[in-house]
Amino acid sequence: MTTLGGGCLHDSQMTSSVVGRRVPGHNTARPFPGSSGGRGSRGSNALKMLMIVSRSSLLDDLLDLLGDLGVSGTTQLPQVYGVGETGAALGTFASPASNSVILAALDDRDADRIGAELRAFSERRAVQQRGEPLPLRVFFLPCTQVV
């Protein structure tokens, strides 16, 4: 599987400042498995952008899961704020929580498998939450590589 980074770039087009880096303090990213060396043509593969929005406390577990699934090219936004179904995460005294966003461009053929694994992760965590809503949302968006 060729895993693409959050910016929809083929693995040969990414630089060391993008590939294999995680937020400081997080585990080291795994190298790209099955790298094609960029020999494919741009836009030749159907892509989906995976977007995960979760509490920041889930970030390491989600990155580990994605790594285990062969997704090593990600973009992380480690501290974002918002209000939603599971409450406020504003980084303030009254609402000290924060969220994280993970982006990864995936080959269309891998998206279903990865989505199913993320769904199973969510279900396992929901049991641990004892009925409380899990602060985790997973989306697939159409993704077209431009450059």
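The values are calculated or read from the model by the stated rules, or taken from the named source; none is laboratory data. Given the structure is predicted, the values throughout are model-derived calculations rather than measurements. Note that each Cβ is placed from the backbone with ideal geometry, even for glycine, and that neighbours are counted across all protein chains shown.
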How many residues are out of contact with any strand residue (DSSP E or B) (no Cβ under 6 Å at 6 or more places or on another chain) and assigned to a loop (DSSP other than H, G, I, E, B) if we restrict to the range 91-147? 15
List the pairs whose first member sits in the range 74-103 and is over 21 Å from Asp60 (Cβ atoms), whose second member is part of a strand (DSSP E or B), and whose Cβ atoms are under 6 Å apart, counting only residues at least 6 apart or on separate chains? Ser95/Ala88
Looking for something over 12 Å from the mean Cα position of the chain (by Cα), over 20 Å from Leu50 (Cβ atoms) and at pLDDT 95 or above - is there at least one such residue anywhere in the range 98-105? yes
Any hit, the range 45-68, residues being at pLDDT below 95, within 23 Å of Thr144 (Cα to Cα) and surrounded by fewer than 16 Cβ atoms within 10 Å (Cβ to Cβ): yes
Could you tell me whether the range 126-147 includes any residue that is in contact with a His (Cβ under 8 Å, 6 or more places away or on another chain) and over 13 Å from Met51 (Cα atoms)? yes
Going by what's in this entry, would Gly20 be described as at pLDDT 75 or above, assigned to a loop (DSSP other than H, G, I, E, B), within 16 Å of Ala104 (Cβ to Cβ) and not hydroxyl-bearing (Ser, Thr, Tyr)? no
Scan the range 107-127 and tell me whether some residue there is touching a Gly at 6+ places or on another chain (Cβ under 7 Å), crowded, with 17+ Cβ neighbours inside 10 Å and either modelled with pLDDT of 95 or more or on the phi < 0 side of the Ramachandran plot (or both). no
